[in-house]
Amino acid sequence: MKNVLKTVNKEITYFFIIGSVLFLSACKTNSSSNSVLDKTYEGNGDDLPKVTQVMVPPPMLPKFDQVENGGPKVILVTFTVEEKKIEVAPNDSIWAFTYNGTVPGPMIVAHQGDFVELTLKNPATNTQMHNIDFHAATGAMGGGDVSLVNPGQEVTFRFRCTRAGVFVYHCAPGGLMVPIHVTAGMNGAIMVLPKDGLKDENGNPVTFDRAYYIAQQDFYFPKDKDGKTENFATVQQSIQALGESIKTLKPTNIVFNGKQGALLGPNALKAKVGEKVLFITSDANNDTRMHLIGGHADLYWPGGKFSNKPFTDFETWEVPGGSAAAVLYRFREPGTYALLDHNLIEAFAYGAVAQVKVEGKWDSSLMKVVRKQSPLQ
Ligand SMILES: [Cu+2]
């Protein structure tokens, strides 16, 4: 009996020691692999399947899966730089610098762990050197150092999407050319979704029915002595004048998606009552504060980074210059909503405003007119 007890005790001690070692090593592994500080990567994407993503003009997004379908991929994207005159407001045109012809440039969508392989083409008809700095990329000035192309050149580089969220990209050819190119329209955003999609405030999976990309853009139009916008014949003349006008730090034009009224009236965003809409909002240069009149941000990822728990019930969400933010809202009432910069001067006097037209049935459990306008009694 004594011997049996001794053996059992020995075995318990043995299992206790083994168990403790396993437990401690598990803790060590978890603590090192869970922190964003300690993540390491292998491979450079050479062996991964390649998928071409067809770019579309904002506010629309390209086709994508909300939850990753299959393993990591290399997403092939082509941007062609267009230097062209665009009309931002009536009688206000500027030589704009664009990726694929739009302000902002097209949104790229990837999943965490994918690579984005960008080919940047600078046609010989252009006049300037351009490149691209992805805030989602790591190293080499976000790709700016490896992507500088002269007119008549193209370049291809690849970066791993290590962090989930929405991130700005922009041209950064060096010195004063950086703010000149960015405020001439050369910016956009990329969305890197978590592999298993978005999560709500309780950590449960959440999907969306539509997604729109809205970028606030500040322009600094050079003015003549009468205060009228100068109409330059060449890009070179425009750049020289912009070198001075941007230093005022006072935008002459503040708009959504490159043009006054770009997202108003017939161009309004659309949704239906009951739909969940993801709004991705960016500003590559200035701070802004977005507000949906008559609605809220059900879920708001500050700084647009999806690995963080979203805030709920926000009325106005911040977009610091050089970043993007993401908001998910489920529309509960029909009507025309205004999505705007809640610096109301920038919204109503300049044009930093969009509309969302929502179809559906009115829900009087949320609002009811008790008595219509009538003479004072
Ligand atoms: Cu550029």
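The values are calculated or read from the model by the stated rules, or taken from the named source; none is laboratory data. All values reported here derive from a predicted model rather than from experimental measurement. A quick note on method: Cβ atoms are made from the backbone with ideal geometry, for glycine too, and the neighbour counts reach across all protein chains shown.
Which of the residues belonging to the stretch 121-132 are near the ligand (Cβ under 10 Å from one of its atoms) and either over 17 Å from N187 (Cβ atoms) or surrounded by 20 or more Cβ atoms within 10 Å (Cβ to Cβ) (or both)? So that I can check it myself, show each step before the final result.
Taking the stretch 121-132 first, the residues near the ligand (Cβ under 10 Å from one of its atoms) are 122, 126, 128-132.
Within the stretch 121-132, N122, N126, Q128, H130, N131, I132 meet the criteria.
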Among residues of the stretch 155-172 being surrounded by fewer than 24 Cβ atoms within 10 Å (Cβ to Cβ) and β-branched (V, I, T), the residue farthest from the ligand (Cβ to nearest atom) is T162
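For every residue, the table says whether it meets (1) under 21 Å from R289 (Cα atoms); (2) in the same structural domain as Q128 (by TED's automatic domain parsing); (3) in a loop (DSSP other than H, G, I, E, B); (4) among the aliphatic types (A, V, I, L, M).
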{"position": "F159", "(1), (2), (3), (4)": "no, yes, no, no"}
{"position": "V166", "(1), (2), (3), (4)": "yes, yes, no, yes"}
{"position": "H181", "(1), (2), (3), (4)": "no, yes, no, no"}
{"position": "G185", "(1), (2), (3), (4)": "yes, yes, yes, no"}
{"position": "I190", "(1), (2), (3), (4)": "yes, yes, no, yes"}
{"position": "G203", "(1), (2), (3), (4)": "no, no, yes, no"}
{"position": "D226", "(1), (2), (3), (4)": "no, no, yes, no"}
{"position": "A233", "(1), (2), (3), (4)": "no, no, yes, yes"}
Cβ pairs under 6 Å, 6+ apart or interchain, first in the stretch 96-124 and assigned to a strand (DSSP E or B), second more than 16 Å from the ligand (Cβ to nearest atom) and of a type in the set (G, A, S), ordered by first then second residue, are F115/G45; V116/A110
Do we find a residue being surrounded by fewer than 20 Cβ atoms within 10 Å (Cβ to Cβ) and in a loop (DSSP other than H, G, I, E, B) anywhere in the stretch 239-249? yes
- Message: So for the stretch 316-331 (the condition being of a type in the set (F, W, Y) and free of Cβ contacts under 8 Å to residues at least 40 places away in the same chain), does at least one residue qualify?
- Response: yes
Expected single match for more than 22 Å from S93 (Cβ to Cβ) and within 13 Å of the ligand (Cβ to nearest atom) among N202, N150 is N150
Reported set for the stretch 133-154 where residues are part of a strand (DSSP E or B) and buried (at least 17 other Cβ atoms within 10 Å of the Cβ) is D133, F134, V149
Subset of the stretch 66-91, residues within 25 Å of N257 (Cα to Cα) and out of contact with any strand residue (DSSP E or B) (no Cβ under 8 Å at 6 or more places or on another chain), comes to P90
Residue hits (the stretch 250-276; surrounded by 17 or more Cβ atoms within 10 Å (Cβ to Cβ), in a strand (DSSP E or B) and not aliphatic (A, V, I, L, M)) are N253, F256, K276
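Residues in the stretch 83-90: is at least one out of contact with any Cys (no Cβ under 8 Å at 6 or more places or on another chain), away from the ligand (no atom under 14 Å from the Cβ), over 19 Å from A284 (Cβ atoms) and in a loop (DSSP other than H, G, I, E, B)?
Filtering the stretch 83-90 down to residues out of contact with any Cys (no Cβ under 8 Å at 6 or more places or on another chain) leaves 83-90.
Filter again for away from the ligand (no atom under 14 Å from the Cβ), leaving 85-90.
So of that shortlist, the ones also over 19 Å from A284 (Cβ atoms) come out as 85, 87, 89-90.
Now drop any that are not in a loop (DSSP other than H, G, I, E, B), which leaves 90.
Within the stretch 83-90, one or more residues are out of contact with any Cys (no Cβ under 8 Å at 6 or more places or on another chain), away from the ligand (no atom under 14 Å from the Cβ), over 19 Å from A284 (Cβ atoms) and in a loop (DSSP other than H, G, I, E, B).
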